[in-house]
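Worksheet: the structure to be examined is printed underneath.
Quick note: the coordinates plus some simple rules give every number you see, no bench work behind them. These numbers come from a predicted model, not from an experiment. Positions of Cβ are backbone-derived with ideal geometry, glycine not excepted, and every protein chain shown enters the neighbour counts.
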Ligand code: SF4
Ligand code: SF4
């Protein structure tokens, strides 16, 4: 349990103590010097979704840092300790809030890798995680799900199942998975290379992604069109696979390393100036390839060079500056900061600037923007009940803006918020930032966005 003195301003005496055997081994344990940066001020507490939900110190950033410190000082990896680490969404809201610059992102990532190597989970939890990681990081396997899922949605079977209440009886995990599935549309895959319109300003490699590619191909198509319109040659090599973000964020470091090496190899000969990403969770991980592969003498320099080219789509467009004319979109938009874009990459101004650059578009802010919607990669599947609570809060704040369209830059957030809105008996048009810009550049009108629901 968390010591009652923690958070009173007095650091525990052992915070700078020597690394002993305990919860962690010596292969990249969480670093004691990063733990020591925490001055226990508590400024992070109210921005932490799990602390907001449960009000328990051990489920706050400060409490988890305390537990990491206990582990560094000889406490074994107990069920309770792992449970508090597992409940962290990895949203990095605490990193934004912390005035002392505590690198909680590094602490939790190292902790999770230790947990995955050194802790035996119960059979149900292990099985669920194995199933998730046998499918989600494999774009081809995910694409195979499209056919059956479309049939389920189009034949009326989905409505029948919903009316029967069958999924609720089978448990929250299955019903959450079902509720998250977006409405699928047929979209042709973009070509492997698309030429810039007008004068070429850059050559851009593009990640098609796993969930983005399989369930939101229209976002990738919009991304390609915008980049070409803004003067970029776009290169999309086949067989690029997963970037490893999901694995890295869940402590599966070896798996993440394999995905990262493959991606670096796939783009090695493209001659790209930038590597563009339109999914927030992927972007934050790709920018850390240099650190992820730092122990690999062959890949370390290549990984660092690759990471230096990574840009979120909004970041790159902001950097390049607009050349394609924007046409009016008379619509009110609520912009939701995906945690891995806002907190993890600090990209908040660029997407807003892009949206404000569209004539007649009115941008509205959502209350409590720092609080996660509860998606957090696979957190909503592993923790369906609290995830739904966070989703409901976010959905209510979004509806309160009165906007006609929700815009965000992460497929997980789109699915999570759509599911929450459906639970509340409401629907709202949703789009990725790329789709809004695309509609403006192509002069499609606001009605296209409101009709073409993303989820
Ligand atoms: S805000 Fe930073 S220094 Fe303060 S308790 Fe949280 S992590 Fe520690
Ligand atoms: S990453 Fe998010 S959930 Fe985890 S401790 Fe920080 S604020 Fe809380």
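Side notes on the structure shown:
- Taking Cα atoms only, the orientation of helix 139-154 departs from the longest principal axis of the chain by about 70 degrees.
- Difference of contour (0.36 nm per residue) and Cα-Cα distance, residue 39 to residue 203: 54.5 nm
- Estimated inter-spin distance, residue 117 and residue 450, nm [label 7 Å along Cα→Cβ]: 5.5 nm
- Folded to 0 to 90 degrees: helix 300-309 orientation relative to the chain principal axis, Cα: 50 degrees
- Ellipticity estimate at 222 nm from DSSP helix runs (n ≥ 4, -39,500 (n - 2.57)) divided over the chain, nearest 500: -14000 deg cm²/dmol
- Summary of the geometry: region 353-399 and region 84-116, compared by the centres of their Cα atoms, lie 20 Å apart.
- Relative packing of peptides 207-218, 39-50 - highest average C-beta neighbours within 10 Å first: 207-218, 39-50
- Distant alpha-carbon pairs in the chain (separation over 28 angstrom), percent: 51 percent
- Helix 411-423 axis versus longest C-alpha principal axis of the chain: approximately 90°, rounded to the nearest ten.
- For the chain: relative contact order, % (alpha-carbon pairs under 8 angstrom, 6 or more apart): 14 percent
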